[in-house]
Amino acid sequence: MAIAVAIFSRLLKAAITLLAIAILNFFLVHAAPGDPATVLAGEAGAADPQMIADLKARFGLDQPFYIQLARYVGNIMTLDLGYSFRQGQPVLDLIMERLPATLILTLTAFWISLLAGVALGVAASARVGKFTDTLITGAALLFYATPLYWAALMAVLVFSVQLGWLPGFGYETVGSGYGGLARAWDILKHLILPALTLGLFFMAVYMRMTRASMLEVAQQDFVKTAKAKGLAPSIIRRRHILRNALLPVVTLAGLQAGQLVGGAVLTETVFAWPGIGRLMFESLAARDYNTILGVFLVSAAMVIVFNIITDLVYRLIDPRIGQKA
Amino acid sequence: MSVLKITDLSIALPQGADRGFAVQQCSYEIAAGEILCVVGESGSGKSMTANALMGLLPEGVSVAGGTAYFGGKDILTVSEAEQRALRGDRIAMIFQEPMTALNPLMRIGDQIAEVFEAHKRHRPAERRQKALELIREVQLPDPEKIVRAYPFQLSGGQRQRAMIAMALALEPELLIADEPTTALDVTTQAQILKLILDLRERRGMAVMFITHDFGVVAEIADRVIVMRYGEIVERGSAVEVLENPQHDYTKRLLAAIPSGLVPASTEVAKAPALEIRNLKKTYRIGGGLFRDARVVQAINDVSLTIARGEVLGLVGESGSGKSTLGRAVVRLVTPESGEIIVSGTDMAALGEAELRAVRYKVQMVFQDPYASLNPRHRVMRALTDGPIAKGVAKEKARERARALMETVGLGADAVERYPHEFSGGQRQRIGIARALAMDPELIIADEAVSALDVSIQAQVLDLLRDLRRRFDLSILFITHDLRVAAQLCDRIAVMQKGKLVEIGPVSEVFLNPQHSYTQTLLAAVPGGGWGKAAQ
């Protein structure tokens, strides 16, 4: 019951937030000098006033500002994100086409970094000050400090160009005609390099956070109580220390999860991954305002959705949240 | 027949500690069914022995010599696995801080059942049943609910009961209790002490009870050991040690305890330094879009006055609103309604800017001497920042700071030092000097001596008495410790759940309490009978 109310309350707030973001985006885009009509006409090389006026009328840019805003808000209420004249497709279709690729990449990277990061953090904290700890902390520092694009290029050079183990770019083999399992296997092979490159940085962050948090919790009184009960060290570590130590890690993971849609621009570009990040990049270059607004809105919606999920996960692991004595 | 026999135990501290050994050459025994109290001030090494027995010594601290025979074996030298098998099974321990000693993310029932799991007793379903029985045995209310509750849903006293339930799970022969009641209110403390006595009676287990409080000793001890700097300075039966102490240190400790003696109230019929009228403060906890907030009346229509030169003791248990009242007077908390009149100014009605101009009139001395001084500022700065902000010339403020340090007994040269160079008691003196530097109309001392050892406590109380006489100070002295209140105050105000239930001269309130809550509080003071006998 409490959870249902909490979810409903959050969804209501989320809808309001999203609307505010949409309006803000609209203002931002319109605050920039020029408009799509001028850009298109300019690119066509023939900027005669009649053509610009026609284009403006077609885009609805000849209407008063408040009507444009009202129309835009009305459209997004009905999930109509407009039409991309550049790509010749409705924006919603464009985004839905690209979204799965991005989510496969970012979610894989997310889980790899989270699971490996926590596991390494626990391992390092269990042998603090010893060789294993130094090794793990050192490696994490290296991953943390390496620029993403450099790591990506090196990965392509080594594993794809030199060794030829894995494909270096793309989402799947073009024109292979694979279906079913064969296709999944093909996508998986394409996925490994970009997902690892993207995941390494965050793995380092989770590892450091888990390690620090484990060491801190290990000093707390209830751990001493657990020892006084005669529990085995492995149980104490898993049941008492790790569960409490995960709280800050979950907070951080929630923040990262919010960037799942928009945070892979660099990786997608290097690996020619046909995702949202690249769509945004291309649209920016081409001043395809409808598409940009659409990507902004979907990213914002994702941030909000993952925030809600994080809050729910938090409720599951920490009983103190959401109910009071 | 002794359950535990410790011989020549020495525990080494890591290099660079203030002394080489936490515990040196200690020998003692505990018999079955006996309660041995190990008494000492902080740093005396009393807890280290317990930790050594449990194999829970902190990093860097190790047993340097001696034996501790328990069940025919020297438990200091057995393997870690054997030690783990003893822990929680035949030797159990409860700790000082019930608020932090339980895992916040686990249900109480699971935490108790875990003891059975650790020692592979019973099937999982039975473990829950056993946990329920234990919860019943330690008299927690509504056991079915407590089993499923999380620690944050329990009060401090209830958590300590849950800890005791855990410790009793496998019927240990020896229970080590490390200051188990220190963090609790007097009435809760009295209940927990009674529970331990009952359990000892029923189960016949030996109890090693570590405490700094002679009142508690008088309440439960069979035999007593007094420790200082890691050595045993006195031992004997409770009666011998309390009534006829041999060692100087014990005598000093006992003398330092505020006695039950009630001083004659001084006549204080002068103009009021503080007048509180119909003060109210309500806290709303939680609440949101769809939930109702829980409303707590922290101060519920309280009116009182403090005369110039008077010390008013404000006593009550945690959550009674006594600290909120103190904080409201300095306006760290803004009350909803009511008046706080300090020398003609209503502090409650002032805006931020006006308030800043008159804030010096009320100064506060805080509970924790370690947290209340900025560690990066020299004492000089701590003592002069306030006066300079108030408009005193810099040179004059510095001169005054030196004089004040002399007054509180630390010497004028100490102003150049940093807080970490002082002990807790000395820091509290600096806190008092800082308050005096502002020439306040009123000083609020919020549990100002509660964090100090008894002998240090006595010195600080002496200082306050002395200052009060010399400077005609008005003090609102907030404390949970009735003995301390009786020593220093002229009148006592008792608060319960935000309400002022009784106020009057110390002798009236102590010897002839009117309100039932005051009577309960007084009855709960540990060692009450012994305190009166000392008169």
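The values are calculated or read from the model by the stated rules, or taken from the named source; none is laboratory data. The structure presented is a predicted model; accordingly, all values stated were derived computationally and were not measured. Don't worry about glycine lacking a Cβ; one is built from the backbone with ideal geometry, like all the others, and counts go over all protein chains shown.
I need the full set of residues from the stretch A:273-325 which are outside any helix (DSSP H, G or I) and within 14 Å of chain B (Cβ to nearest Cβ), in order please.
First, pick out the residues of the stretch A:273-325 that are outside any helix (DSSP H, G or I): A:273-275, A:287-288, A:318-325.
Those that are outside any helix (DSSP H, G or I) and within 14 Å of chain B (Cβ to nearest Cβ): A:ASP318, A:PRO319, A:ARG320, A:ILE321, A:GLY322, A:GLN323, A:LYS324, A:ALA325.
Quickly run through the stretch A:217-239 and pick out the residues that are of a type outside the set (A, V, I, L, M, F, W, C) and over 25 Å from A:TRP111 (Cβ atoms). Can you show your working first?
Of the residues in the stretch A:217-239, the ones of a type outside the set (A, V, I, L, M, F, W, C) are A:219-221, A:224-225, A:227, A:229-230, A:233-234, A:237-239.
Correct list: A:GLN219, A:GLN220, A:ASP221, A:LYS224, A:THR225, A:LYS227, A:LYS229, A:GLY230, A:PRO233.
Here is a check on your reading of the model: is B:LEU154 touching a residue at least 40 places away in the same chain (Cβ under 8 Å), of a type in the set (A, V, I, L, M), within 13 Å of chain A (Cβ to nearest Cβ) and under 15 Å from B:ALA169 (Cβ atoms)?
Working: touching a residue at least 40 places away in the same chain (Cβ under 8 Å): yes; of a type in the set (A, V, I, L, M): yes; within 13 Å of chain A (Cβ to nearest Cβ): yes; under 15 Å from B:ALA169 (Cβ atoms): no.
Taking the combined requirement at face value, the residue does not satisfy it.
For B:ALA433, indicate whether it is modelled with pLDDT of 90 or more and either in a loop (DSSP other than H, G, I, E, B) or within 16 Å of the chain's Cα centre (by Cα) (or both).
Values: modelled with pLDDT of 90 or more: yes; either in a loop (DSSP other than H, G, I, E, B) or within 16 Å of the chain's Cα centre (by Cα) (or both): no.
No; evaluated as a whole, the condition is false for this residue.
Could we say that B:ILE176 is under 20 Å from the mean Cα position of the chain (by Cα), over 27 Å from B:GLN25 (Cα atoms) and crowded, with 18+ Cβ neighbours inside 10 Å here?
Working: under 20 Å from the mean Cα position of the chain (by Cα): yes; over 27 Å from B:GLN25 (Cα atoms): no; crowded, with 18+ Cβ neighbours inside 10 Å: yes.
The answer is no for B:ILE176.
Within the stretch B:76-97, can one find any residue that is among the aromatic types (Phe, Trp, Tyr), out of contact with any His (no Cβ under 9 Å at 6 or more places or on another chain) and away from chain A (no Cβ under 11 Å)? Reasoning before the result, please.
Taking the stretch B:76-97 and keeping what is among the aromatic types (Phe, Trp, Tyr), we get B:95.
When the remaining residues are screened for being out of contact with any His (no Cβ under 9 Å at 6 or more places or on another chain), the result is B:95.
Restricting the remaining residues to those that are away from chain A (no Cβ under 11 Å) gives none.
Checked the stretch B:76-97: no residue is among the aromatic types (Phe, Trp, Tyr), out of contact with any His (no Cβ under 9 Å at 6 or more places or on another chain) and away from chain A (no Cβ under 11 Å).
If you go through the stretch A:215-268 one residue at a time, how many are in a helix (DSSP H, G or I), hydrophobic (A, V, I, L, M, F, W, C) and facing chain B (nearest Cβ under 8 Å)? Please lay out each step first, then the result.
Kept after step one, since they are in a helix (DSSP H, G or I), are these residues of the stretch A:215-268: A:215-218, A:221-228, A:233-257, A:265-268.
Narrowing further to those that are hydrophobic (A, V, I, L, M, F, W, C): A:215, A:217-218, A:222-223, A:226, A:228, A:235-236, A:241-242, A:245-247, A:249-250, A:252-253, A:255, A:257, A:265-266.
From what's left, facing chain B (nearest Cβ under 8 Å): A:222, A:226, A:228, A:235.
Number satisfying all stated conditions: 4.
Does the stretch A:281-295 include one or more residues that are of a type in the set (Asp, Glu) and farther than 29 Å from B:ALA101 by Cβ?
Within the stretch A:281-295, the first condition is being of a type in the set (Asp, Glu), and the residues that meet it are A:282, A:288.
Okay, now just the ones that are also farther than 29 Å from B:ALA101 by Cβ, so A:282, A:288.
Among the residues of the stretch A:281-295, at least one is of a type in the set (Asp, Glu) and farther than 29 Å from B:ALA101 by Cβ, which makes the answer yes.
Find the residue count for the stretch B:131-142, including only residues that are buried (at least 20 other Cβ atoms within 10 Å of the Cβ) and either farther than 19 Å from A:THR225 by Cα or charged (D, E, K, R) (or both).
We begin by selecting, within the stretch B:131-142, every residue buried (at least 20 other Cβ atoms within 10 Å of the Cβ); these are B:131, B:134-135, B:138, B:140.
Next, from what is left, pick out any that are either farther than 19 Å from A:THR225 by Cα or charged (D, E, K, R) (or both): B:140.
Looking only at that region, the number is 1.
Which pairs do you get when a residue that is closer than 17 Å to B:ILE196 by Cα, found in the stretch B:129-150, comes within reach of a residue that is polar (S, T, N, Q), reach meaning Cβ atoms under 7 angstrom, with the pair 6+ apart or on two chains?
Taking only residues 6 or more apart or on different chains, the pairs are B:LEU140/B:GLN158.
For the stretch B:406-430, name all the residues that are within 21 Å of the chain's Cα centre (by Cα), surrounded by fewer than 19 Cβ atoms within 10 Å (Cβ to Cβ) and outside any loop (DSSP other than H, G, I, E, B).
Result: B:GLY424, single match.
Being in a helix (DSSP H, G or I), over 23 Å from the mean Cα position of the chain (by Cα) and either assigned by TED's automatic domain parsing to the domain that holds A:GLY275 or within 22 Å of A:SER113 (Cα to Cα) (or both) narrows it down to one of A:TRP150, A:TRP185, A:TRP165, so name that one.
A:TRP185
Can you name the condition, by its number, that B:VAL186 falls short on among (1) crowded, with 20+ Cβ neighbours inside 10 Å; (2) at positive phi; (3) of a type outside the set (Ser, Thr, Tyr)?
(2)
Can you report the number of residues in the stretch B:341-393 which are over 28 Å from B:PHE422 (Cα atoms) and in contact with a Ser or Thr (Cβ under 8 Å, 6 or more places away or on another chain)?
Within the stretch B:341-393, residues that are over 28 Å from B:PHE422 (Cα atoms) and in contact with a Ser or Thr (Cβ under 8 Å, 6 or more places away or on another chain) number 2.
Test B:ASP368 against the stated conditions and say whether it is charged (D, E, K, R), surrounded by fewer than 17 Cβ atoms within 10 Å (Cβ to Cβ) and under 19 Å from B:SER323 (Cα atoms).
Values: charged (D, E, K, R): yes; surrounded by fewer than 17 Cβ atoms within 10 Å (Cβ to Cβ): yes; under 19 Å from B:SER323 (Cα atoms): yes.
Answer is yes for this residue.
Just to be sure before I move on: is A:TYR171 over 30 Å from B:LEU56 (Cα atoms), part of a loop (DSSP other than H, G, I, E, B), away from chain B (no Cβ under 14 Å) and among the hydroxyl-bearing types (Ser, Thr, Tyr) in the structure I sent? Reasoning before the result, please.
Details: over 30 Å from B:LEU56 (Cα atoms): yes; part of a loop (DSSP other than H, G, I, E, B): yes; away from chain B (no Cβ under 14 Å): yes; among the hydroxyl-bearing types (Ser, Thr, Tyr): yes.
Yes; evaluated as a whole, the condition is true for this residue.
Rundown of residues vs (1) modelled with pLDDT of 85 or more; (2) surrounded by 13 or more Cβ atoms within 10 Å (Cβ to Cβ); (3) more than 14 Å from chain B (Cβ to nearest Cβ), yes/no style:
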| site | (1), (2), (3) |
| --- | --- |
| A:MET1 | no, no, no |
| A:ILE16 | yes, no, no |
| A:ILE23 | yes, yes, yes |
| A:PHE27 | no, no, yes |
| A:LEU69 | no, yes, yes |
| A:GLN87 | no, yes, yes |
| A:PRO90 | yes, yes, yes |
| A:ARG98 | yes, yes, yes |
